[in-house]
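Presented below is the structure to which this report refers.
What follows draws every value from the coordinates through simple rules; no lab data is involved. Because the structure is a prediction, the values reported are computed rather than measured. Cβ placement follows ideal geometry from the backbone for every residue including glycine, while neighbour counts extend to all protein chains displayed.
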Amino acid sequence: MIERRAVLLVPLLLIMGLQAAEGRRPRNRHVAAPTTGSLDVASTTTGAQLFIDGAAVATLPLAQPLVLPAGQHTVKLTKDGYTQYLDVVVVAPGEVAQLAIDLLPVAGVLAVKANVADARVFVDGRFVGFAPLEAEVDVGPRTIRVTKAGYRDFIVARRAVAGQRLTLEAGLDQLAAGTTPYRPLGTRPKWYERWYVWAGAAGGVAAVTVAVLVPVLAAAKDPVDGFRSDYRWTVP
């Protein structure tokens, strides 16, 4: 009985030994090299727009690093009222490239809305565009004027601060009819503004002028010339 068990145990041990040897044998499996890496951008300039190779990809802060193809990439960071960052970064395969970028505030940002369409916006007398608009303005005291034909100008004085947003709601009041050459739509012209009234008046003035000038010219005829034509002088 013991010999029989020994005969059965030998093949089992042999199989187990072969499996152990197979496990210790090095495997020549091919592992592909990574073709992508990651880019992480840290910045205190919240709200800045991040561009990679000319395409807008995210707004800071990033929730997680960006996965990019390995190699060189152009990185641009912009925000209204701030300086612009532009550089080239190399993303290594399987690694994370780190960038720390803080933009510097250099100008104020003016945002204007108006209660009428296509109102013109001027800053210190210089036209900057039509409302609604957002535009960078120089730091310091500024005079903003919003205007449109047929409406009363909206004028305010404000101080522009670098990196800060200045928001204005321009309410333009419509001028009364007759106070501006730009009459609001739907207003009927008065009788003296109709063209045919003045055309008829011009014709009447011309007729009166002719009627007055003819008798006057007739009365102004030289009496001496008439006398000469009616009488002859004879010399004895």
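If you take all other residues with their beta carbon under 13 Å from the beta carbon of Pro132, and give Lys and Arg +1 and Asp and Glu -1, the sum is -1.
Between Ala56 and Asp138, full extension at 0.36 nm per residue minus the direct alpha carbon distance yields a gain of 26.9 nm. Look at the dipole of the stretch 99-183 built from charges on Cβ: of Ala117, Gln174, Leu99, the Cα furthest out on the positive end belongs to Gln174. Remark: the stretch 57-189 carries a charge dipole of roughly 760 debye about the Cα centre, counting +1 on each Lys and Arg Cβ and -1 on each Asp and Glu Cβ.
Can you work out the FRET efficiency for the pair Ile101 and Glu169, with r the C-beta to C-beta distance and R0 = 30 Å, to the nearest 0.05? Result of the calculation: an efficiency of 0.35.
You can think of it this way: the chain between Ala32 and Arg120 has 25.6 nm of extra reach, that is 0.36 nm per residue less the Cα-Cα gap. Neighbours of Thr143 by Cβ distance under 15 Å: Lys/Arg scored +1, Asp/Glu scored -1, total +3. Plainly put, the stretch 36-100 has a radius of gyration that is 0.95 times its Kirkwood radius, both from alpha-carbon atoms, as the Rg/Rh ratio. Full extension of the segment from Phe127 to Thr74, taken as 0.36 nm per residue of separation minus the current Cα-Cα distance, would add 15.6 nm.
Each residue in Glu136, Glu169 was given a count of other beta-carbon atoms within 10 angstrom of its own, and listing them fewest first yields Glu169, Glu136.
Ser43 sits among other residues whose Cβ lies under 11 Å from its own Cβ, and their net charge, with Lys and Arg +1 and Asp and Glu -1, is -1. Global size of the stretch 108-170: 10.8, 35 Å for Rg and Dmax (C-alpha atoms, Rg to one decimal, Dmax whole).
Annotation: the residues Thr36, Thr78, sorted from fewest to most other C-beta atoms within 10 Å of their own C-beta, follow the order Thr36, Thr78. Charges were assigned to the Cβ only: +1 to each Lys and Arg, -1 to each Asp and Glu. The resulting dipole of the stretch 108-170 about its Cα centre is roughly 160 debye.
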